[in-house]
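Structure first, then comments.
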Amino acid sequence: MDIVTSFLQVLKGHWMEVLTSSFSGPVSGPFHAGTVFRVSPNELSFSSRRDGQQRGINIVEWLEMNSFDLLGEMAFGESFGCIASEKEHFWIGLILSHLREIVLVDNLRRFTLIASAGSWLLPSLAMRVRAKHTRFSREKVQRRLESDTGRQDFFTDIAEKVKSGEIPLEEMTAHASTLTIAGAETTATSLSAAIYYLLKTPTALERLTAEIRTRYQSYGEINIASAMQLPYLQAVINETTRVHPSGAHGHPRVSPGIQVDGKWVPQGVSAGLSGGQTETYTSTWSVSHSAKYFANPDEFRPERWIEPRLHWRQRGQPAMSLVLAKILYTYELELVDKDLDWEAESRHWIMWWKAPSTPQEYGDRGWTEDVE
């Protein structure tokens, strides 16, 4: 099974339920004990150490590497080592570079006449590359299954299902890359978007920074449990995921046979099947930017989530809460390219191909405490 087939099965098959149970909400042990999510200024400033001068850094690139390192810890029990090596891990690049193929294959299959030609026109990964990917996936999964850390993480439930025979080992291996994307790339996208919109909205940045620095007296106090209780921080996260949803593609749903906007949508199933059956999709981006549901939908206005008429609720973004809190507690941020239009320069192929860079000027607040 290749990356394309795996991703499509996860989006539309029973693995969606497995993903939901694994990634919905914080798991108790590592989140609250702080044994996994460790973000220190030494890591934050690795790209600005040149000549002892302040430099702009590609925050998108750094957040992607940081998110994958954290996911490696939470899913496989070991970091990918991106931050330590200051470069992207080969497996991450391999996975992300072929996501476009997923979109093309998924859409080509809807056209009967050219569906069969798609496998020839758009071949999957070259055999040597695919073998490298499969071998590494198998090694990561096997090491995770053999590890016995005793801590609860994203793969705990899935690993137990594999050990009990409920999920085949090879199926977990085939989906390892998809699970990695689900847990890391979406977080990196949302974090990048949050920082961009905050820097474009000075009043929001000032209010959030004040909330964080008032709540914490030292860097070491910051943890997920308390960060997720900061109202404005959670409002910023909610607004970020509304304005720039990390998964803006349509989510497939079963049509019960219903009239939509004056058009009859016949009954069918949404499982990538052909034969006259119907697939229905709703674009997350379109809904979240509709004036029908949100006033001034194109504005970044976190306050909308804490207004009296709205009931704020925790969205379950532990990694995002922690990383944003630690970054804004430690650093003063400034957008180097004042004219950057991140939305216009980004592209969407199931996941966001984010603008080449959103460089920031980082200036720390003289923080020196060594926190692991």
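Just to verify a number: FRET efficiency for E345 and E139, C-beta to C-beta distance, R0 = 41 Å, to 0.05?
0.65
Return the FRET efficiency for the residue pair S226, T203: r is the Cβ-Cβ distance, R0 is 25 Å, and the value is rounded to the nearest 0.05.
On the way: r = 24 Å, r/R0 = 0.96.
Approximately 0.55, to the nearest 0.05.
Quick note: the coordinates plus some simple rules give every number you see, no bench work behind them. What you are looking at is a predicted structure, and each value in this text was computed from that prediction instead of being measured. Ideal geometry is used to build each Cβ from the backbone, glycine not excepted, and the neighbour counts take in all protein chains shown.
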